[in-house]
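One structure is given below, encoded as structure tokens.
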Amino acid sequence: MLALMAEGLSNTAISARLSNREDYLMPTVKRVTEINAPASTVWKILADTAAYPQWNPFMTRFDGTFQPGAKLTVTIEPPGSKPQTFKPTVTEVESGRHVSW
């Protein structure tokens with residue numbers, strides 16, 4: 001809903017979009033960051049999920065592999081908040097370029 005508001009949609013347009021059950025049940029978060037390194041180097045680091053806590057203090061646990069249908073276990077610890085664990089399913093992988101869950 002916040003993404004819809006950020007798009008500048010009116011309340012009527014937001015209600016219409018949310019009435020589409022798929023939009024309502026599966027919100028999308030997209031993050032794009034440009035990194036000055038070869039894609040293969042970045043992918044190697046991102047695909048090593050067990051190493052996330054070594055370089056990402058926000059994600060204290062990340063178990064699983066980037067394979068379509070794989071179940072992940074992710075624990076995040078936002079500053080000043082209790083740890084939260086969620087278990088997404090990998091939905092799409094383009095090795096070396098893209099992963100969705």
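Where a number appears in this text, it was derived from the coordinates with a stated rule and is not lab data. Everything numeric here is computed off the predicted structure, so don't read it as measured data. A quick note on method: Cβ atoms are made from the backbone with ideal geometry, for glycine too, and the neighbour counts reach across all protein chains shown.
When V42, V99 are screened for being within 20 Å of V29 (Cβ to Cβ) and in a strand (DSSP E or B), only V99 passes.
Among the residues of the stretch 86-99, those identified as surrounded by 11 or more Cβ atoms within 10 Å (Cβ to Cβ) and farther than 22 Å from P38 by Cβ are K87, P88, T89, V90, T91. If the condition is being in a loop (DSSP other than H, G, I, E, B), closer than 22 Å to K44 by Cβ and touching a Ser or Thr at 6+ places or on another chain (Cβ under 7 Å), then the stretch 73-94 contributes only T91.
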